[in-house]
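The values are calculated or read from the model by the stated rules, or taken from the named source; none is laboratory data. Just so you know, these numbers come straight off a predicted model, no measurement behind them. Every residue, glycine among them, receives a Cβ derived from its backbone with ideal geometry; neighbour counts consider all protein chains shown.
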Amino acid sequence: MLALQILIGLLALAAPVALYVGFASRGERRPSSPRSVVATFALGMLACVPAELCERALTGLLGPRKLGVGIDLAALVYAYLVAAPLEEGLKVAAATPAFRLRVGQHRPFDAIAYATAAALGFMTLKSAVFLIGHPFSLLAPARTTLTTITATCLATWWGFALGRDGQGRMGGGWFNGAWVLAAAGNAIAHHVAFARGPASVLATIPILVVASVIAWLALRDVLQRSTEKPKVEPREREQEPKKSRRLALAPPSLRAMREALRRSDRGISFFWIGLGMLVTTGVITAMLVGAVVLGRRFGFEFAAIDRDASNAIAPLLLLASAALLSFLFAGWIVARASAARSVLEPAISALLAIIGTIVLLGLAAPVAVVIALACAPLAFGLACLGAWLGLSDA
């Protein structure tokens, strides 16, 4: 039994590393200096040591405190304002030597390779410490694997900001914003994976999906910067059918996302933003009610979600799927009804609906706020996708 536990633990630690090596060792994704990437991975593991020592000392000083129903105030403050910024800062410190020493020699993609290698090394040692120091369960390797892959994808964001800066500067608006988002994403992922019950681990999946999609788009963007793109003549562009406005968004890229969210010539309609928020809220309510009715027919016990029992996974998945799909449908409805030529208005409507939902959850069920924050990026992305599908051709 002990040998099986060790084997499962080693597989949980090796799986993210194997995925990274397999992805980053092919074609254009191969770094200019594999040795620098390996050294950065080792520095990331080394950076985990002071983080663990500091966090254990701070945890002993803070101690657990409860606020309201089941809310650990100290855990929330510690996770979002202490642990996450400290860990993300140490990951940046681990990626700095390779980035600084090879300025002028690396490609924009190499900055992403250093960032992800530092995060992967940091999280590998952190996961090993967790698996060794806690009783064995099949859920523990799943937690460490999900959070490791999520943290690696989130590090791509500030690695992309480093790569797109032609002067090799570490800082600026893009970098600071990406760093803050990565730290916040790691805090939410770690909290729902480790500080909540077994059913809450599923809430890390939306964060992982959003982080990996944006990481993939960032990789495409930096790889395309090194290739020359054929320019389209103005006359040829004018002769394209109007319907090509939508087709121009494929294949997806960060530039396509900016174009889709760009303000259209007709201006922003605050009427449709407000109406779209109400429509989105109504669709969410209808979908959740339908999910509850459907779940009752299948015998799901929705009260198990509050107890975080083992049989809460199925009803939680049903409710989460209904809530996320409602943003897709609502985005499409708002875009079609408003004859939108841009994703901007439906996106703002969805964002306001998400903020309103989180505020209401904070008043009614504060425990669910963290899970709602974890699902918010994916919900916003689905709303934008639905709006893009419903864009007017006129």
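At a glance:
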read-out: Residue match in the range 140-148 (condition: at positive phi, in the same structural domain as Glu88 (by TED's automatic domain parsing) and out of contact with any Asp or Glu (no Cβ under 7 Å at 6 or more places or on another chain)); value: no
read-out: Exclusive hit being at pLDDT below 85 and outside any loop (DSSP other than H, G, I, E, B), set Phe136, Phe109; value: Phe109
read-out: Subset tally (residues that are touching a His at 6+ places or on another chain (Cβ under 9 Å) and among the small types (Gly, Ala, Ser)) for the range 111-140; value: 2
